[in-house]
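In what follows, a single structure is set out as structure tokens and then discussed.
Read-outs throughout are calculated quantities, based only on the coordinates presented, and are distinct from any laboratory measurement. Quick caveat, the model's predicted, so the values are computed rather than measured. All Cβ positions, even for glycine, are placed from backbone atoms using ideal geometry, and neighbour counts span all protein chains on display.
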Ligand SMILES: [Zn+2]
């Protein structure tokens, strides 16, 4: 496994960037040696394993637990296999599933990372992109706390663009064109991030920050 260590990224921890360098003052930084994002709350999920190849795709998802409710500890608990099945009827339905994503962006913009980027997280399931199956092998999963038909928050777009820009800088195998929704790679099975997600806005913000 090759690692790409970008000195400029390693030194540009949140808030330390000069204001005139064209990047957001909140730019995210990735240590490609460890695969962790600076400034993210770290909650290490056991639901991951070795990747067979470099990350080549960023997959945008949504999640809310219980469905349609925001806040609360349940997404962390799900990715830690510690969901309290008695806390909500839906939790019983998903009891025992072992899933994870690399990153969660909460409604208030909080970043949480569960799996280092060079490890394989378990977010895509049966999926296909550009003729390749098993997208988890080569994808980075980013969950937005949300549902398909409720507008995502301004700060979620800002954080998502920061994380995408940091990933593209850190991993040359990624690019702004290599971003898909879960619904794109698992059509008919998954609908997230849904019609509420404004792809044009994401690409506009990425361009503005570039
Ligand atoms: Zn999804």
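Here are a few things to note about the model shown:
- Here the Kirkwood formula puts the hydrodynamic radius of the stretch 29-71 at 13.6 Å, using every distinct Cα pair.
- The stretch between residue 198 and residue 155 holds 14.1 nm of extra length on full extension. This uses 0.36 nm per residue minus the Cα-Cα distance.
- The distance between label points at residue 93 and residue 49 comes to 2.8 nm (points 7 Å beyond Cα on the Cα→Cβ vector).
- MRE, 222 nm, helices only [DSSP H, n ≥ 4, -39500 (n - 2.57), over the chain, to nearest 500]: -6000 deg cm²/dmol
- Computed from the Cβ-Cβ distance with R0 of 22 Å, the FRET efficiency linking residue 173 to residue 133 stands at 0.75.
- Residue among 163, 103, 43 with the largest mean-square fluctuation in a Gaussian network model of the chain, springs linking Cα atoms under 10 Å: 43
- Length-normalised contact order for the chain - Cα pairs under 8 Å, 6+ apart - percent: 26 percent
- Principal-axis analysis of the Cα atoms of the chain puts helix 154-170 at an angle of about 60° to the longest axis.
- Taken along its three principal axes, the alpha carbon spread of the chain comes to 50, 35, 29 Å, from the longest extent down to the shortest.
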